[in-house]
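Some notes on the structure that comes next.
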Amino acid sequence: MCCQRLVLPTSATSLKVHEVEGNTYAPIGEIKDTKIDWAANKALQTFAKIGASCNQARLNVEADGRFTRAGEPTEAAIMVLVEKLGCPDEKLNARCLQAATRADADAMAFSKYWQTRCEKLATLEFTRDRKSMSVLCKDSDRSEGNVLYAKGAPENILSRCTTILLPDGSVVELTADGRKAIQDQIVDLAKQALRTIALAARFDLGAANLRDYDGPSHAGHAQLSDPANFAQVETELTFVGMVGIIDPPRIECKQAIEDCRIAGISVIMITGDNKMTAEAIAKNLGILNSTENLSQKSFTGQEFDGLSEQEKVDVLKRIMDERDVEGAVFSRTEPKHKQIIVKILKQLGEIAAMTGDGVNDAPALKQADIGIAMGI
């Protein structure tokens with residue numbers, strides 16, 4: 001998994017898309033159409049800080065010189081992008097930026113540079129309802145108090161943004177035109193089958209009583225101790241940028257899906273990805289064969305929840321009846337949707353096999369006739 005696009009605002013109503021070269025966890029690859037002036041581009045500094053600090057992945061250099069990751073692949077991809085950006089320290093750039101080899105101690109040289117400028121005070125872990133996570137930091141480059149750095153699903157982050165960060169570091173109102181420009185880029189990246197992550201910041205934490213937060217004894221700690229409060233803390237955000245990440249399928253996937261279809265096995269993709277991203281991937285893999293029938297073959301978790309019980313049964317029966325033509329896609333889902341789908345399929349007399357790679361998938365795997373735990 002790697003970042004292929006970097007999207008940054010150039011004005012209050014326009015953004016620029018930069019192509020990012022490289023397709024591994026090695027931080028080697030040009031970020032096209034960029035001439036970085038760290039002194040002038042304050043927004044890029046903020047982007048790098050968010051990418052490095054709002055991140056729990058790690059990069060390592062193996063004995064044979066290969067870069068490997070520990071942690072979530074999406075976060076590792078963002079960290080690799082930070083490593084490709086570099087930093088204002090010219091000596092560090094000379095030693096590590098776009099270097100063919102690095103010592104293991106320098107695997108995250110630039111991420112560590114940005115992390116040391118941001119003392120992490122609290123982490124607001126990812127939850128599926130808000131589809132974001134954030135960190136409360138004391139940024140050594142700021143004198144106005146603590147700052148909240150956030151990243152997450154672009155539509156969720158954008159809905160909580162009221163301002164946008166310009167290259168010179170100024171923060172201006174996010175107008176309807178600016179919001180549309182961002183939404184258009186989200187759609188464009190999704191159509192390219194790229195997983196899109198938005199980055200944002202909350203610079204004024206006075207209303208949340210977290211501006212001078214310094215630990216559990218602070219009066220504002222109640223805001224951070226209950227995940228139910230996290231969405232409220234992550235409001236009044238400033239949009240900083242986006243990344244488009246490719247999660248390339250294994251070479252054998254497309255043929256395997258075709259083999260399943262020939263054998264009479266219906267393949268249904270159930271994913272947390274954006275709807276358009278999921279549809280684009282499904283088309284590339286042959287799970288979906290056309291765009292003409294998407295209203296009956298592609299649903300978000302929220303759309304599926306909005307159907308009556310009988311309508312849900314009808315949807316899955318139609319998918320099963322047309323298994324020799326194409327499969328189906330369920331996007332922006334939660335673990336409960338896998339259980340609902342398995343339950344209905346079994347009611348229809350189908351033998352359901354379910355895959356899953358997280359602990360939250362365990363109930364659906366147990367419920368299915370065949371449970372397949374991935375990544376073990």
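Any read-out appearing in this document is the output of simple, stated calculations on the displayed coordinates, not a laboratory observation. All figures in this text were calculated on a predicted structure; none of them were measured in a lab. Please note: Cβ atoms are built from the backbone with ideal geometry, for glycine as well, and neighbour counts cover all protein chains shown.
Assorted remarks:
- Dipole magnitude of the stretch 312-360 about its Cα centre (Cβ charges: Lys, Arg +1; Asp, Glu -1), debye to nearest 20: 280
- Absence of a disulfide-compatible partner, taken as no other cysteine beta carbon within less than 4.7 angstrom, is noted in the chain for Cys2, Cys3, Cys54, Cys87, Cys96, Cys161, Cys253, Cys260.
- Qualifying trypsin sites (Lys or Arg not before Pro) in the stretch 140-169, DSSP loop, other Cβ atoms within 10 Å at most 11: none
- Helix content alone sets the calculated 222 nm mean residue ellipticity of the chain: runs of n ≥ 4 DSSP H residues at -39500 (n - 2.57) each, divided across all residues, give -10000 deg cm²/dmol.
- Between Ile262 and Ser295, full extension at 0.36 nm per residue minus the direct alpha carbon distance yields a gain of 9.5 nm.
- Ranked by the mean number of other Cβ atoms within 10 Å of their residues, highest first, the peptides 347-357, 2-12 come out as 2-12, 347-357.
- Pairs of alpha carbons in the stretch 140-299 whose separation is greater than 22 Å (percent): 56
- R0 of 25 Å, Cβ-Cβ distance Ser308-Thr355: FRET efficiency to nearest 0.05: 0.35
- Between Val325 and Thr24, the contour length at 0.36 nm per residue exceeds the alpha carbon distance by 104.9 nm.
- FRET efficiency estimate (nearest 0.05) - Cβ-Cβ, Ala373 to Thr10, R0 41 angstrom: 0.35
- Toward the positive end of the charge dipole of the chain, with +1 on the Cβ of Lys and Arg and -1 on the Cβ of Asp and Glu, the farthest Cα among Ile246, Val82, Val359 is that of Val82.
- Springs between Cα atoms under 10 Å define the GNM used for the chain, and in it the highest mean-square fluctuation of Val325, Val82, Val135 occurs at Val325.
- Relative intensity of the stretch 48-107 on a log10 scale, I(q)/I(0) at q = 0.12, 0.24, 0.26, 0.27 Å⁻¹, equals -0.27, -1.06, -1.18, -1.23, per a Debye sum over C-alpha point scatterers of equal strength in the absence of solvent.
- Against the rule of thumb 2.2 N^0.38 Å, how large the Cα Rg of the stretch 294-334 comes out: 1.11
- Taking the average, over residues, of other Cβ atoms within 10 Å as the packing measure, peptides 172-182, 218-228 rank 172-182, 218-228 from highest down.
- With Cα atoms as the point set, the chain shows a radius of gyration and Dmax of 22.0, 66 Å.
- Full extension of the chain between Gln255 and Gln56 gives 68.2 nm of extra length, using 0.36 nm per residue less the Cα-Cα distance.
- Given charges at Cβ of Lys, Arg, Asp, Glu: the stretch 1-118 dipole, positive-most of Gly71, Leu6, Leu97: Leu6
- For Ile245, the residues whose modelled amide H falls within less than 5 Å of its own, excluding neighbours fewer than 5 places apart on the same chain, are Gln4, Arg195, Thr196, Ile197.
- 17 Å reach of a label modelled at Ala103, 7 Å along Cα-to-Cβ, counting backbone N of the stretch 30-74: 60-66
- Charged side chains reduced to their Cβ positions (Lys and Arg at +1, Asp and Glu at -1) give the chain a dipole of some 220 debye around its Cα centre.
- Rounded to the nearest 20 debye, dipole of the stretch 174-327 from Cβ charges on Lys, Arg, Asp, Glu: 280
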